[in-house]
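Structure first, then comments.
The values are calculated or read from the model by the stated rules, or taken from the named source; none is laboratory data. Everything numeric here is computed off the predicted structure, so don't read it as measured data. Virtual Cβ from ideal backbone geometry, glycine too; neighbours counted across all protein chains shown. Just the protein is used for accessible areas: all its heavy atoms, side chains included, with ligands, DNA and RNA removed. Shrake-Rupley method; radii C 1.70, N 1.55, O 1.52, S 1.80 Å.
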Amino acid sequence: MREGGPLWRRSSMCGNESECLEVAVGHGGVLARDSKTPHRTPVRFTAPAWREFLHAVTRGELAGS
């Protein structure tokens with residue numbers, strides 16, 4: 001995290017779309033938010049939980065959720 005707040009990055013899969021996943025990596029883990037609602041409280045993941053989330057997405061385990 002940087003002074004003044006997290007440094008948010010958009011998914012590389014986003015392209016020019018306005019509906020994207022944004023993440024910020026910091027000492028406490030990973031924050032994730034919807035780019036359409038940046039004012040809402042982001043979801044916080046520990047580093048191990050974020051890795052498992054990404055693996056589940058890659059394996060298609062969350063499709064239709």
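Before moving on, here are some points about what is shown:
- Alpha carbon convex hull of the chain, projected area averaged over orientations, nm²: 5.1
- Ligands, DNA and RNA are left out, and with a 1.4 angstrom probe the accessible area of the chain is 79 Å² per residue.
- Computed in the context of the full set of protein chains, the accessible area of the chain at 1.4 Å probe radius has 54% of its extent on carbon or sulfur.
- Label-to-label distance, nm, for residues given as W8 and R59 (7 Å Cα→Cβ offset): 3.1
- In the chain, the GluC sites (Glu not before Pro) that fall in loop regions by DSSP, at most 16 other Cβ within 10 Å: E3, E17, E19, E61
- Exposed trypsin sites (Lys or Arg not before Pro) absent: longest stretch of the chain, with sites in DSSP loops and at most 12 other Cβ within 10 Å deemed exposed: 1-35
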